[in-house]
Amino acid sequence: MDAKAIHEKLVARFGEKIAGEGLAAASPFAVVAPEAIAEVALFCKSDPRLAFDNLMCLSGVDYPKENPPRMEVAYHLYSYVHLHTFALKVLLPRENPALPTVEGVWGVANWHERECFDLLGIVFLGHSDLRRILLPDDWEGHPLRKDWQDPEYYHGLHVKPTQQMAERALAGEKIGVGPFDFTPPNRSNQG
Amino acid sequence: MATPEPVVNEWDRQDRQDLDTDEMVLNMGPQHPATHGVLRLELRTDGEVVKAARPHIGYLHRCFEKHAENVDYPGVLPYADRMDYCAAMGNTLGFALAVEKLHNLQVSPYVATLRIVMAELQRIASHAVAVGTYTMDIGAFTPFLHLLRDREKILDLFEWTCGARLLYNYNWIGGVSHDIPEGFVRATRDLLREFDSVTFPELLDLIIHNRIFVKRLASVGVCSKELAISHDLTGPNLRGSGVPRDLRKDEPYLGYETYDFDVCVGQGQYGPLGSCFDRNWVRVVEMRESSKILHQALDRLEKMERTPVQEKCPKRVKPPKGEAYVRSEAPRGQLGYYVVSDGNINPYRVKVKSPCFTAMSVFHHLARGMMIADIIALIGSLDIVLGEIDR
């Protein structure tokens, strides 16, 4: 089935819950209401004409400058039966983004959702094991959000020398703590 | 209203903890040599049997996706190289294809053929490492040396072409960094002749159909078709489970549809289909198919008119606003790039679907009920590279 037919089938089944479409995009997609994503996903997998048995990718994107500011979760689907692709998108508010999990539909979603939670702070309701996956457990914040600021310290170590720190260091001041002191480079030796 | 069934978290199940006795939590890695990098496994064991397993990843996380947002498009390529460091050609190829799709660029047939030559040479080199280290994991040291020796010859070809042995930055957006040097085709032919007549038969005799190897692996780590598809196993792992799907056939890019080669699918000739043996067997016979493609590509290169390899490279890579999910068949499976462009010189968002990441997500299913010694065989057979899992 081509993207248009898939979209029509979804609209016929779910009506209002399919809130928009992007069929002209390089990877065509339909926009799904957040609360309906689990049933839409289950339908996409179990319907014999769609048969999307494979979740290729699940990605979150942050759009703080859009009006209204939003987060997106994109599900790229593939069918090993019919060899067609389609994408679902869910638009979420930037404040406390949350949507139902789809790990019961595609097993791989478990890890993808953990990664999305880890890096963007999107909460997947009903997830069996929603922990950080790539970053340390005690990490604070979600770095792939566009308003992310690198912390100055992590466990007492300088994570990122700021402009002021670099200037102070170049002026000859010793900054930092512990064995990982940031000592200023000796410019005169570098010829 | 139909909703999916909730997934049971085996690790945290209380009833199981209350029933069983004498359980021990065993920590394996991140410095364990058989975990192929810095993978840490928590195993809940009852004697020698693994009751539940929990992989911990992230020890090699280098913020690829965050870095990609802060550099321009060509600047992402060297970072992409460093994800799967055993098959760097495939990584940059995937990213270049994705940006070219956004940019609506078509590379010339000559460049496409060069890319195929490099991708397939890389596939042979990558599978050589995979099979070689695997045999070492399960206790045979010599094949590892043989295979690394043969991989070395391929790396020499890469070095001759672009100066780098491991991280090439070869596939650029709209072209490649260097044309092949004079004599490359002949040298590659010599290498392939040796591969076809000596290395490959030797590999089959020495390892793959070796009685010890077969008996060790033919019924270990069996992954069913449904589980493989649900957990998005791709590449040799998927084909090892008997699903004849290869992107080079299904969604051809760079003109793969004009080459004559077969998709290798696990046969289950010594045990249940989808075992560790099948995954490895697929890898080995895939090397022969790559050699077939290479022979055809080299023939074409000789006859083809040489065009400048960078003539299509845009001076400023600035794709129009839009997004694309593009995947390609890397040696370890489908490597997907989801690239969002807001019309700037930096990508707005790059998400990588790494085949090793998804392959590792099935691990706890397969590991349940296994012996600890088989865990090593299982990890190796999934052919993971931690650089790509953690990105």
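If the condition is being under 27 Å from residue B:81 (Cα atoms) and either assigned to a helix (DSSP H, G or I) or in contact with a Lys or Arg (Cβ under 9 Å, 6 or more places away or on another chain) (or both), then segment B:362-375 contributes only B:363. With respect to the conditions (1) within 25 Å of residue B:177 (Cβ to Cβ); (2) away from every other protein chain (no Cβ under 11 Å); (3) modelled with pLDDT of 90 or more, residue B:346 lacks only one, and its number is (3). Out of curiosity, is residue B:2 part of a helix (DSSP H, G or I), over 17 Å from residue B:355 (Cα atoms), of a type in the set (A, V, I, L, M) and within 13 Å of another protein chain (Cβ to nearest Cβ)? Judged against the criteria, residue B:2 is not a match. Might you let me know whether segment B:214-231 holds any residue that is touching a strand residue (DSSP E or B) at 6+ places or on another chain (Cβ under 9 Å), surrounded by 23 or more Cβ atoms within 10 Å (Cβ to Cβ) and either within 14 Å of another protein chain (Cβ to nearest Cβ) or under 21 Å from residue B:262 (Cβ atoms) (or both)? The answer is yes, given that some residue of segment B:214-231 is touching a strand residue (DSSP E or B) at 6+ places or on another chain (Cβ under 9 Å), surrounded by 23 or more Cβ atoms within 10 Å (Cβ to Cβ) and either within 14 Å of another protein chain (Cβ to nearest Cβ) or under 21 Å from residue B:262 (Cβ atoms) (or both). Here residue A:96 clears all of (1) surrounded by fewer than 21 Cβ atoms within 10 Å (Cβ to Cβ); (2) closer than 25 Å to residue B:54 by Cα; (3) within 17 Å of the chain's Cα centre (by Cα) except the condition numbered (2).
Filtering segment B:288-329 to residues that are crowded, with 22+ Cβ neighbours inside 10 Å and within 14 Å of chain A (Cβ to nearest Cβ) leaves B:319, B:323, B:325, B:326, B:327, B:328, B:329.
Does residue A:159 fit the bill of being modelled with pLDDT under 65 and among the aliphatic types (A, V, I, L, M)? Spelling it out, it is not the case that residue A:159 is modelled with pLDDT under 65 and among the aliphatic types (A, V, I, L, M). Looking only at residues of segment B:339-361 that are over 13 Å from residue B:84 (Cβ atoms) and out of contact with any helix residue (DSSP H, G or I) (no Cβ under 8 Å at 6 or more places or on another chain), we find that the one that is surrounded by the fewest Cβ atoms within 10 Å (Cβ to Cβ) is B:343. Selection of segment A:70-108 for residues being in contact with a helix residue (DSSP H, G or I) (Cβ under 6 Å, 6 or more places away or on another chain) and of a type in the set (Asp, Glu) yields only A:103. Can you find a residue that is within 14 Å of chain A (Cβ to nearest Cβ), of a type outside the set (Phe, Trp, Tyr), outside any loop (DSSP other than H, G, I, E, B) and without any contact (Cβ under 8 Å) to a residue 40 or more places away in the chain anywhere in segment B:241-250? Yes. Within segment A:126-140, restricting attention to residues that are over 16 Å from residue B:13 (Cα atoms) and surrounded by 16 or more Cβ atoms within 10 Å (Cβ to Cβ), the residue that is nearest to the other protein chains (Cβ to nearest Cβ) is A:134.
Just so you know, in segment B:177-204 the residues that are more than 19 Å from residue B:125 (Cα to Cα) and among the charged types (D, E, K, R) include one that is farthest from the other protein chains (Cβ to nearest Cβ), and it is B:182. From the list B:294, B:382, the one residue that fits, being under 29 Å from residue B:192 (Cα atoms) and modelled with pLDDT under 90, is B:382. Evaluation of residue A:123 against the conditions (1) more than 10 Å from every other protein chain (Cβ to nearest Cβ); (2) at pLDDT 90 or above; (3) within 26 Å of residue B:39 (Cβ to Cβ) shows that the sole unmet condition is (3). Of everything listed in (1) outside any loop (DSSP other than H, G, I, E, B); (2) touching a Lys or Arg at 6+ places or on another chain (Cβ under 7 Å), the single unmet condition for residue B:302 is (2).
The single condition among (1) within 24 Å of the chain's Cα centre (by Cα); (2) basic (Lys, Arg); (3) modelled with pLDDT under 85 that residue A:45 does not satisfy is (3).
Being within 23 Å of residue B:174 (Cα to Cα) and touching a Leu at 6+ places or on another chain (Cβ under 7 Å) narrows it down to one of B:319, B:331, B:308, so name that one.
Residue meeting the stated conditions: B:319.
None of B:114, B:97, B:41 is over 30 Å from residue B:186 (Cβ atoms), buried (at least 20 other Cβ atoms within 10 Å of the Cβ) and of a type outside the set (Lys, Arg) except B:41.
The values are calculated or read from the model by the stated rules, or taken from the named source; none is laboratory data. It should be emphasised that the depicted structure is a prediction, and the values quoted were computed from it without experimental measurement. Don't worry about glycine lacking a Cβ; one is built from the backbone with ideal geometry, like all the others, and counts go over all protein chains shown.
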